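Nothing in this text is a laboratory measurement; each read-out follows from the coordinates by a stated rule. Quick caveat, the model's predicted, so the values are computed rather than measured. Note: ideal-geometry Cβ built from the backbone for every residue, glycine included; neighbour counts use all protein chains shown.
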Amino acid sequence: MVLARLLDGVLVRKFFAELYGRMVPTQDLGIRSVQYDSRKVGPNDLFVAIRGTALDGHQFIDRSIAQGAVAVVVDDDQAVPDAVFHHAGVFKIVVPDSREALAALAANFYGHPSRRLHLVGVTGTNGKTTTTYLVKSILEASGEKVGLIGTIEYRIAEEVFPATHTTPESLELQKLLAEMAARGCSSVVMEVSSHALAMRRVHGMDFQVGIFTNLTQDHLDFHGTLEEYFRAKKRLFDRLSSGATAVVNADDPYGLRIASGGAARQLTYAMAGPADLTAAATRVDIRGMTLSCRHRDREHLLETSLTGRFNVQNVLAACGAGVALGVPWEAIRRGIRGLALVRGRFEHYGRTRQGAAGGRRGRHLRFGTDGSMGGSEEPDPRDPVRRSRRTDPCESSSSALSNSHPYYE
């Protein structure tokens with residue numbers, strides 16, 4: 001792809017293109033690939049210098065040039081003098097924010113795959129993973145081929161790939177979306193972490209639906225304050241278009257703040273207060289739940305093998321996405337009923353000889369004396385999923401970054 005097409009929509013503050021004493025038009029420079037990891041740079045590549053929490057990609061510009069980069073994107077004009085680019089015959093492109101530029105360049109390079117997909121983004125402290133699986137099941141019940149991106153794994157229909165991040169870096173994310181579109185997916189459901197939003201990984205992507213589950217204190221080592229954490233989450237909804245829908249938990253005070261603004265249509269859900277979608281559990285036990293869901297003065301009976309009050313909210317969020325995308329309620333019912341479990345998320349145990357829960361991985365279930373869900377105990381230390389789960393260093397404590405490479409944060 002020529003450089004001029006790659007830079008479409010990218011805000012450029014300065015463009016230094018004097019190569020060996022002559023100006024070279026951008027449409028004459030062919031780019032083989034875009035890279036932000038200097039170790040992967042090869043001949044005719046464009047290197048984007050981004051900052052990680054441990055290291056700064058501007059420190060690796062000389063290496064990228066030595067390995068064959070023909071253009072470099074920076075947001076620190078002083079990091080490497082223009083003379084270095086002049087003598088190396090390399091384009092220097094200065095932008096306000098390298099991470100935003102990387103997202104735009106990646107989208108251009110892979111042909112803006114989000115524009116060819118019904119894209120659903122789920123953010124919040126808790127419930128993201130389960131909600132994405134519920135939405136995927138609903139869309140599949142309506143006849144769509146669906147991709148999934150999240151903490152546990154990435155999926156193209158039923159083909160599974162290991163997850164490296166909850167939300168991949170923008171370059172890998174756009175490549176994954178392009179692969180999903182090429183393989184026939186019409187929709188993609190993805191978890192959108194606060195780190196991804198703060199680091200502009202989903203910048204410029206066209207979401208048809210954004211879901212907000214809840215907000216509790218978490219990741220303050222990265223965001224600093226709860227308000228900054230909320231602002232990162234809110235970025236997803238601030239950028240929804242007027243044709244998109246924000247599906248928001250109205251039981252959460254931060255959800256009410258999201259629902260009070262933005263260009264997108266608002267669809268609220270709640271258990272305790274007034275909302276567009278409400279639900280009450282008519283049966284809650286270890287085998288699952290029966291829910292009475294109300295939307296536009298109509299009752300819809302839902303059966304799910306998930307259990308617990310928090311899963312009522314997850315089911316409501318998924319139903320909201322289905323409604324926003326025009327899925328018939330019969331397909332929504334089939335999709336909710338069709339999801340048996342989410343790996344590592346409150347899986348059911350078998351019965352032990354003592355009659356207590358035990359056997360498979362997951363969390364222990366605890367019920368109140370009235371049979372209602374009373375919460376959960378600590379995760380079972382025998383759980384192989386939780387013991388082996390890779391953690392995204394950017395989504396855990398900053399100490400995990402001490403020996404890491406900046407481009408995998």
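Of Glu144, Glu153, the sequence from fewest to most neighbouring Cβ atoms within 10 angstrom is Glu153, Glu144.
Show me 188-197, 155-164 ranked by packing, highest mean number of other Cβ atoms within 10 Å first. Intermediate values should be presented prior to the final figure.
Numbers: 188-197: 25.8, 155-164: 14.0.
My ranking of the peptides, most packed first, is 188-197, 155-164.
With a cut-off of 18 Å on the backbone N, the residues of the range 117-134 near the modelled label site 7 Å out from Arg337 along Cα-Cβ are 134. For the range 112-338, the orientation-averaged shadow of the C-alpha convex hull comes to 11.5 nm² (one quarter of the hull surface).
Relative contact order for the range 112-338: what is it in percent, counting Cα pairs under 8 Å that are at least 6 residues apart?
Values: 488 pairs, mean separation 50.8, N = 227.
Rounded, it is 22 percent for the range 112-338.
Pulled fully out, how much extra length does the chain show between Glu179 and Arg257, if you take 0.36 nm times their separation in residues and subtract their Cα-Cα distance? Working shown, then result.
On the way: separation 78, 0.36 × 78 = 28.08 nm, distance 3.57 nm.
Result for the pair: 24.5 nm of gain on full extension.
Ordering Thr278, Thr216 from the fewest to the most neighbouring beta carbons within 10 Å gives Thr216, Thr278. Could you calculate the FRET efficiency of Ala272 with His86 from 1/(1 + (r/R0)^6), where r is the beta carbon distance between them and R0 is 41 Å, rounded to 0.05? Working from the Cβ atoms, E equals 0.05. With K and R counted +1 and D and E -1, the other residues having a Cβ less than 10 Å from that of Gly243 yield a net charge of 0. Exposure proxy for Arg345, Arg296: other Cβ atoms within 10 Å of each Cβ, ordered fewest to most, give Arg296, Arg345.
Take the residue pairs Lys145/Lys175; Lys14/Lys234; Lys145/Lys233 and return only those whose Cα atoms are more than 23 Å apart. Those over the limit are Lys14/Lys234; Lys145/Lys233.
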